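These notes concern the structure reproduced below.
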Protein chains: 4
Amino acid sequence: MIRVFVTGGTFDKTYDEIGGRLSFKDTHLPEMLRLGRSRVEVSIRTLMMIDSLDMTGDDRDTIAHNCVVCEESRIVVTHGTDTMVETAAIIAARVTGKTVVLTGAMIPYAFGSSDGLFNLGSALSFAQTLAPGVYVAMNGQHFRWDRVRKNRKTGVFEAIR
Amino acid sequence: MIRVFVTGGTFDKTYDEIGGRLSFKDTHLPEMLRLGRSRVEVSIRTLMMIDSLDMTGDDRDTIAHNCVVCEESRIVVTHGTDTMVETAAIIAARVTGKTVVLTGAMIPYAFGSSDGLFNLGSALSFAQTLAPGVYVAMNGQHFRWDRVRKNRKTGVFEAIR
Amino acid sequence: MIRVFVTGGTFDKTYDEIGGRLSFKDTHLPEMLRLGRSRVEVSIRTLMMIDSLDMTGDDRDTIAHNCVVCEESRIVVTHGTDTMVETAAIIAARVTGKTVVLTGAMIPYAFGSSDGLFNLGSALSFAQTLAPGVYVAMNGQHFRWDRVRKNRKTGVFEAIR
Amino acid sequence: MIRVFVTGGTFDKTYDEIGGRLSFKDTHLPEMLRLGRSRVEVSIRTLMMIDSLDMTGDDRDTIAHNCVVCEESRIVVTHGTDTMVETAAIIAARVTGKTVVLTGAMIPYAFGSSDGLFNLGSALSFAQTLAPGVYVAMNGQHFRWDRVRKNRKTGVFEAIR
């Protein structure tokens, strides 16, 4: 059983038809798992539904706390890409003996041509096989939380030494 | 570097507008990796482009042979789901010391709502982390080649003991 | 109020996940009208759900009969493209004083990149504005039933004199 | 031959992957016409690429002027929905003897599930069949420029007397 914590991010941005803006409503995770014909046993809980640029220290505490107290030892966190690495560091300082994989998307799932479905398949697979630790899974790759940064110009996650 | 061998299957079925039939043309793999924003280093080679129900013993020999002789020790094979397990057994009898992951799709990628993008993200991730052996990666799960069968009624891959 | 008669055709072909084949289930018309945010008042009736290559004389009689007896004077018929012109001729021999527009698709709606949504918007618009008569609406164009043929090589409907 | 003037609007909004915002780049019109398998002869010109809430009096003058001076007597204008009716009034005050159809979308085409493809098929069809005048074509319906308003709460165009 894998625990999935939803926090929002591009993954779950949707288009507000009346306002003509991007916004958040419900998570697309269950629909994405259905489209992917996923048979992985998951338990999904939405902790917040926000842009990761708006995420506060309290929000990160909430995420880390939920990783600590949940029963499952394998966890996927969906998260905006802009501050994913910061949240990973907070989780790493608090959680031990569990495999935590943060993932997200560059393109909203609602746009159809999303990288979200690819990343979700990837993150669930890494969560099943990686040793305890905190990781970022993006672009089909995985990085230890302290070995990665997001390149803001290209949108790509890069290894750092 | 992961070697990807393309053999066809539902993954790559396309719609023939003039004939009104499903058919095979070129593989969608590069486009799928682009949509998934994949940064995994891959080397793609199309071995055949067929429905796995039409796959012969010679075809399976070709696939196994290519797994043996290629330089890479981590390999993903895209394959029709109907005989994926048979091909996995042939590969397992011939290949040692390499991680080979077979994957496919229930819905053609060209239909948009495909499980292929999810499975591709999953298979590339399992190929990076699993110990040497031959595996089937479907529905977000992975199975050793001799521990799985496709349930023809539900379309789901199931563990066998 | 526009009457819509559904007869099947590529418009409504769907992918049978278990059999790996194209097949017919329910019509996609209501979903397409919803996606198109259509506010045209329509009354939809499915007469049959078949490939137009399998359509018999009896089937065409059924379609023409329904056009004759329905209350509405503006009618859209969704139809496979291969024999759309034959059916249009049968309708034209039987129906007077009504505007009947036949339309269809080259790509199944279920494939996402369909011409069906474009043709549906077009056919409903022509049905509101054209004088009584029987027409084929394809590729954004309209043709009188006796001034058109389908080019089987290109898949395009062409004017004939 | 139908002249198409592109002015932007939701129709052409795209997702800026790096900035995480909706923005404008090139028009999707040619791609939409290709997906719709349109065979209507069109000549496309992009006049501006803006949100219709940002449209100035000068911008509307530019649109009306282009409708006056172009050779074609049948014209489609793609436009944001919020001020489409205002622009229609300016065009109506300046253009005579031509059929001008304004259309737009509630959902960006780039989101896949767009009403844009439906509306484009509809607008091109109305442009071919309606008498000279200025019209708004939305939701499969057409309205004279002085007989319509957008309901900001529901996003739907409604007839007024």
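The values are calculated or read from the model by the stated rules, or taken from the named source; none is laboratory data. Keep in mind that what you see is a predicted model, and the values were worked out from it rather than measured. Backbone-built Cβ (ideal geometry, glycine too); neighbour counts: all protein chains shown. Only protein heavy atoms, including side chains, enter the accessible area calculation; ligands, DNA and RNA are left aside. Shrake-Rupley method; radii C 1.70, N 1.55, O 1.52, S 1.80 Å.
Do we have any residue at all in region A:51-73 that's open to solvent by less than 40 Å² (accessible area, probe 1.4 Å), part of a strand (DSSP E or B) and without any contact (Cβ under 8 Å) to a residue 60 or more places away in the chain?
No, the conditions are met nowhere in region A:51-73.
Counting only residues that are in a helix (DSSP H, G or I) and under 13 Å from the mean Cα position of the chain (by Cα), how many does region D:89-108 have?
Final tally of qualifying residues: 1.
Of all residues in region A:112-135, count the ones that are surrounded by 24 or more Cβ atoms within 10 Å (Cβ to Cβ), facing chain B (nearest Cβ under 7 Å) and under 23 Å from A:Ala92 (Cα atoms).
7
Would you say B:Thr10 is touching a residue at least 12 places away in the same chain (Cβ under 8 Å) and either open to solvent by less than 60 Å² (accessible area, probe 1.4 Å) or away from every other protein chain (no Cβ under 12 Å) (or both)? Let's see the steps before the verdict.
On the way: touching a residue at least 12 places away in the same chain (Cβ under 8 Å): yes; either open to solvent by less than 60 Å² (accessible area, probe 1.4 Å) or away from every other protein chain (no Cβ under 12 Å) (or both): yes.
Yes.
With the checklist (1) of a type outside the set (Ser, Thr, Tyr); (2) open to solvent by less than 30 Å² (accessible area, probe 1.4 Å); (3) under 17 Å from C:Gly20 (Cβ atoms) in hand, flag the one item B:Arg21 doesn't pass.
In the conditions (1) of a type outside the set (Ser, Thr, Tyr); (2) open to solvent by less than 30 Å² (accessible area, probe 1.4 Å); (3) under 17 Å from C:Gly20 (Cβ atoms), B:Arg21 misses (2) alone.
On the given criteria, is D:Val76 β-branched (Val, Ile, Thr), assigned to a strand (DSSP E or B) and under 19 Å from C:Leu33 (Cα atoms)?
Details: β-branched (Val, Ile, Thr): yes; assigned to a strand (DSSP E or B): yes; under 19 Å from C:Leu33 (Cα atoms): no.
It is false that D:Val76 is β-branched (Val, Ile, Thr), assigned to a strand (DSSP E or B) and under 19 Å from C:Leu33 (Cα atoms).
Looking at (1) without any contact (Cβ under 8 Å) to a residue 60 or more places away in the chain; (2) more than 8 Å from chain C (Cβ to nearest Cβ); (3) within 22 Å of D:Asp12 (Cβ to Cβ), which is the one condition that is false for D:His142?
Looking at each condition in turn, D:His142 falls short on (2).
Yes or no, residue by residue, for (1) open to solvent by 60 Å² or more (accessible area, probe 1.4 Å); (2) farther than 30 Å from C:Ile18 by Cβ; (3) at pLDDT 95 or above; (4) touching a Cys at 6+ places or on another chain (Cβ under 8 Å):
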{"position": "A:Val6", "(1), (2), (3), (4)": "no, yes, yes, no"}
{"position": "A:Glu31", "(1), (2), (3), (4)": "yes, no, no, no"}
{"position": "A:Ser38", "(1), (2), (3), (4)": "no, no, yes, no"}
{"position": "A:Met49", "(1), (2), (3), (4)": "no, yes, yes, no"}
{"position": "A:Thr96", "(1), (2), (3), (4)": "yes, yes, yes, no"}
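C:Asp26 - would you say it is open to solvent by 70 Å² or more (accessible area, probe 1.4 Å), at pLDDT 95 or above and more than 30 Å from D:Phe143 (Cα to Cα)? Explain how you work it out, then say what you get.
Values: open to solvent by 70 Å² or more (accessible area, probe 1.4 Å): yes; at pLDDT 95 or above: no; more than 30 Å from D:Phe143 (Cα to Cα): yes.
No.
Just to be sure before I move on: is B:Gly104 surrounded by fewer than 24 Cβ atoms within 10 Å (Cβ to Cβ), closer than 18 Å to B:Val148 by Cα and within 13 Å of chain A (Cβ to nearest Cβ) in the structure I sent? Don't jump to the end; show me each part of the working.
Details: surrounded by fewer than 24 Cβ atoms within 10 Å (Cβ to Cβ): no; closer than 18 Å to B:Val148 by Cα: yes; within 13 Å of chain A (Cβ to nearest Cβ): yes.
Here the answer is no, as B:Gly104 does not meet what is asked.
Here are the criteria: (1) buried (at least 18 other Cβ atoms within 10 Å of the Cβ); (2) under 14 Å from the mean Cα position of the chain (by Cα). Tell me which single one D:Glu86 does not satisfy.
Failed condition: (1).
Matching residues to (1) closer than 18 Å to B:Met1 by Cα; (2) at pLDDT 95 or above:
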position	(1), (2)
B:Ile63	no, yes
B:Ala93	no, yes
B:Tyr109	no, no
B:Phe126	yes, yes
